[in-house]
Amino acid sequence: MPETLAVEMRCDIQIPTWFGVGGRADRLARPRTLEQLVQCVESDPDCRILGDGANLLVADTGVRELVVSLDAMRDVSYEANGVVRVAAGAKLHRLVQETAARGLAGLHTLAGVPASIGGAVAMNAGGKHGSTYDHLVELTTIDRRGVVHTEPARAFAACYRDGGLGDRIVAGAAFRLVPDDPAALRARVKAIMLEKKHTQPLAADSAGCVFKNPVLQEAIAGVGRAGQRVGAGLLIDRAGCKGWAVGGASVSQRHANFITVDKKQANAANIIELIERVGVAVRERFGITLHTEVVIWGAS
Ligand SMILES: Cc1cc2nc3c(=O)[nH]c(=O)nc-3n(C[C@H](O)[C@H](O)[C@H](O)COP(=O)(O)OP(=O)(O)OC[C@H]3O[C@@H](n4cnc5c(N)ncnc54)[C@H](O)[C@@H]3O)c2cc1C
């Protein structure tokens, strides 16, 4: 990277993730502007983009490519027509609270999803109350040659837990939100958070759901009908994996699709081995191959 580039750069640094374990980055850049982000991409087209690290597992061997953290790109601006423009590093949970308080409905459905805006778009994060693309109208992305594109969100083939970006990097997003009663929105946010607290092990270190919920190819008694998307947690539970542990990583008793870690005991290899064992158990029990929702960097 050229000397003149004033991008903050750290060397040999632990990559911060919600698991709290895993490998290091040889180099981690923190661009503050779109221009600096473009320069990072030009300097290493294979760079890896770090959002809030809430859906990420880094192998213990770490990452050789440049890791680009977007946490310093957080600008948010509101337009009179209900459009909110957000830089990719802004935290989703702050935006959920802020838009609810301003009486703007849409993002409140994403309460309790830890993410940067870029990470939420990349994963089309969401759940039964709504998904990131529901109110997304425009994206500013950077391709791997460093070219900036601003396009309508419908140009991307987003689907369940996949923003359809390919290898594009989200630099910014615009959402069109709908006027609503702030008190009602805040109550809705609170209710969703409460519901999550009851069903998910939120106090423990995890990356949320490890596997994507699969669509059944054929009916399974007590699980679902053919064509239905069913909870991976239900399949994992029925396969008898709740409580399974490898080193300091265990399958949560509260929600079987969560792997929680004891940071003092666990390493990334424990989590990867547990993911593999659970996958095998579900395949043997139901003939279903689960696919990981958690993104794993650096595993062979
Ligand atoms: C307690 C807990 C609860 C959770 N609940 C939910 C839930 O209800 N619903 C849900 O969908 N998810 C949930 N998750 C998972 C996580 O919140 C989402 O996947 C979220 O979208 C991750 O965003 P992030 O910014 O942390 O991305 P990261 O974890 O940093 O990155 C994930 C992937 O996105 C890519 N990425 C990040 N930023 C960008 C960008 N700007 N441009 C291009 N690619 C990018 C990364 O390279 C990586 O491949 C939960 C996680 C936890 C820990």
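Within segment 125-140, is there a residue that is touching a strand residue (DSSP E or B) at 6+ places or on another chain (Cβ under 6 Å), closer than 17 Å to VAL68 by Cβ and part of a strand (DSSP E or B)?
yes
Please determine, by comparing only the residues of segment 141-173 that are in a strand (DSSP E or B) and under 18 Å from the mean Cα position of the chain (by Cα), which one is surrounded by the fewest Cβ atoms within 10 Å (Cβ to Cβ).
Out of the qualifying residues, it is CYS159.
Where in segment 218-300 are the strands (runs of 3 or more DSSP E), entirely inside, with at least 3 residues that are at pLDDT below 95?
Working: elements: 249-251, 259-261, 295-297.
No strands (runs of 3 or more DSSP E) qualify here.
Look at ALA187 and say whether it is part of a helix (DSSP H, G or I), in the same structural domain as SER116 (by TED's automatic domain parsing), at pLDDT 95 or above and farther than 30 Å from LYS242 by Cα. Break it down stepwise before answering.
Working: part of a helix (DSSP H, G or I): yes; in the same structural domain as SER116 (by TED's automatic domain parsing): yes; at pLDDT 95 or above: yes; farther than 30 Å from LYS242 by Cα: yes.
For ALA187, the condition - part of a helix (DSSP H, G or I), in the same structural domain as SER116 (by TED's automatic domain parsing), at pLDDT 95 or above and farther than 30 Å from LYS242 by Cα - is met.
Can you tell me which residues in segment 261-275 are among the β-branched types (Val, Ile, Thr) and surrounded by fewer than 24 Cβ atoms within 10 Å (Cβ to Cβ)?
Taking segment 261-275 first, the residues among the β-branched types (Val, Ile, Thr) are 261, 271-272, 275.
Across segment 261-275, the qualifying residues are ILE272, ILE275.
Could you please find all residues in segment 51-79 being farther than 28 Å from ARG102 by Cα and either within 9 Å of the ligand (Cβ to nearest atom) or not charged (D, E, K, R) (or both)?
Taking segment 51-79 first, the residues farther than 28 Å from ARG102 by Cα are 55-69.
Correct list: ASN55, LEU56, LEU57, VAL58, ALA59, THR61, GLY62, VAL63, LEU66, VAL67, VAL68, SER69.
Considering each residue of segment 104-130, count those that are under 13 Å from TYR160 (Cα atoms), within 6 Å of the ligand (Cβ to nearest atom) and either buried (at least 24 other Cβ atoms within 10 Å of the Cβ) or within 9 Å of the chain's Cα centre (by Cα) (or both), and give that number.
Number satisfying all stated conditions: 4.
Could you figure out which of (1) buried (at least 24 other Cβ atoms within 10 Å of the Cβ); (2) in contact with a Gly (Cβ under 9 Å, 6 or more places away or on another chain) isn't true of ALA100?
Status for ALA100: all satisfied but (2).
The values are calculated or read from the model by the stated rules, or taken from the named source; none is laboratory data. Owing to the predicted nature of the structure, the values given are computational and were not obtained by experimental measurement. Backbone-built Cβ (ideal geometry, glycine too); neighbour counts: all protein chains shown.
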